[in-house]
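Undergrad: What follows is a structure written as structure tokens; I'll ask about it next.
The values are calculated or read from the model by the stated rules, or taken from the named source; none is laboratory data. What you see is a predicted model; the values in this text were computed from it and never measured. Cβ coordinates were reconstructed from backbone atoms using ideal geometry, including for glycine residues, and neighbour counts include every protein chain displayed.
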Amino acid sequence: MADVVLEHITKNFGSVTAVRDFNLTVHDGEFTVLVGPSGCGKTTTLRIVAGLEEQSSGSVYIGGRKVDDLSPKDRNIAMVFQNYALYPHMNVFDNMAFGLRLRHTPPDEIRRRVNEAAEILGITPFLKRLPRELSGGQRQRVALGRAIVRRPAVFLMDEPLSNLDAKLRTQMRMELLKLYQRLGSTVIYVTHDQVEAMTMGTRIVVMKDGEIQQVAPPQELYDHPANMFVAGFIGSPPMNFLPARLRQDGGRVVAAGDGFQVTLPPEKAALCNAADVVVGVRPEHIVVDDGSVPLSVDGTFEAVVDVVEPLGHEVYLHLAVGGHTVTARVGPAGIRKPGESVRVAFDINAVHAFHPDTGVAYF
């Protein structure tokens, strides 16, 4: 395996900058996920690593070797695409063996590698079938097998699960993770799905408009987002944002907004250097009074239930707070009716604050 280093990568398409001054080190054996909305530059970045796209400036290193002038076949990488890219007239065995034959690998070695990869992926019974005779999940396994037999230094995966239905996508996520743990490979994985990113990546690179917003392990991204974009993109349902103004109240610092107020812990309040902030709170950190545990009068406020989404194991309550709507995640016992008035409080130890203009996190 090998590490991958991208130094000051920029890619321009005419007057449009798709990737801007991108710097990243993917460590040997790491599963790194590039995530962001459509058009953020994540696939372009992956294609630059693969050699399928030439950067306008900057350099790419794989295993300590500068590869800017090397063709894709000479970079010791294997790519798995969204559309599988299988040859329809070849059976599974021949699809998996095709790349090895191009490299003049001995037939016995080809047979051994293909059979070994097929065993790992559970597709041995399908080796004589054509792609059209396979399900979507089986075709994706064949595409993975074709990459595995190459034994590359780096696996590059471009939204490989996006064509699968929700249940199969979840199953294939687990299969990919088990495969990664078994092979110990270096993987760069592109997705727009933040759930995929959170469940699969050892580190996540959040991108927006061709630039890196934050690089961190999944839990750190969730607990300590660098800015409002990351906070709103990572997490489902996303973080709630409410404009507020800080004021002193008897030695306390209170963030007060339209229809709510929350007392900030002193150590957090000290980090804010402006009077106006945007308060961020995740749905699970909004406490809705259900009568079982009395809420303190201080710090609670009234909200009106707007929409209820029961999901069985949990319920999403969309609440009108002043002129804003926030989403609370509660247990099944916390279900309410639309139009019902409820008492609400924020978990002050889990509240975030952001600069209203730059979006940068204070805490």
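Undergrad: Can we say Val230 is closer than 23 Å to Thr327 by Cβ, touching a strand residue (DSSP E or B) at 6+ places or on another chain (Cβ under 8 Å) and crowded, with 19+ Cβ neighbours inside 10 Å?
TA: Criteria met by Val230.
Undergrad: Which residues, taken from the range 307-344, are within 25 Å of the chain's Cα centre (by Cα) and closer than 13 Å to Val287 by Cβ?
TA: Within the range 307-344, Leu317, Val326, Ala328, Arg329, Val330 qualify.
Undergrad: In the range 175-194, which residues are outside any loop (DSSP other than H, G, I, E, B), within 11 Å of the chain's Cα centre (by Cα) and within 25 Å of Ile148 (Cβ to Cβ)?
TA: Tyr189, Val190, Thr191
Undergrad: Can you name every residue in the range 124-164 that is surrounded by fewer than 22 Cβ atoms within 10 Å (Cβ to Cβ), aliphatic (A, V, I, L, M) and touching a helix residue (DSSP H, G or I) at 6+ places or on another chain (Cβ under 7 Å)?
TA: Leu127, Leu134, Leu164, listed by residue number.
Undergrad: Let me ask something else about it. Here are the criteria: (1) among the charged types (D, E, K, R); (2) part of a strand (DSSP E or B); (3) under 17 Å from Ala231 (Cβ atoms). Tell me which single one Asp357 does not satisfy.
TA: For Asp357, the failing item is (2).
Undergrad: Taking the range 195-217 as the region of interest, how many residues are part of a helix (DSSP H, G or I) and hydroxyl-bearing (Ser, Thr, Tyr)?
TA: Residues in the range 195-217 being part of a helix (DSSP H, G or I) and hydroxyl-bearing (Ser, Thr, Tyr): 1 in total.
Undergrad: Hey, Asp68 hits all of (1) of a type in the set (Asp, Glu); (2) modelled with pLDDT under 95; (3) closer than 30 Å to Val5 by Cα but one; which does it fall short on?
TA: Here Asp68 meets the rest and fails (2).
Undergrad: For the condition crowded, with 17+ Cβ neighbours inside 10 Å, among the aliphatic types (A, V, I, L, M) and not assigned by TED's automatic domain parsing to the domain that holds Val262, what is the one hit in Ala303, Ala361, Ala345, Ala328?
TA: Ala361
Undergrad: Which one is farthest from the chain's Cα centre (by Cα) among residues in the range 85-102 that are hydrophobic (A, V, I, L, M, F, W, C), assigned to a loop (DSSP other than H, G, I, E, B) and surrounded by fewer than 20 Cβ atoms within 10 Å (Cβ to Cβ)?
TA: So, considering only residues that are hydrophobic (A, V, I, L, M, F, W, C), assigned to a loop (DSSP other than H, G, I, E, B) and surrounded by fewer than 20 Cβ atoms within 10 Å (Cβ to Cβ), the one farthest from the chain's Cα centre (by Cα) is Met90.
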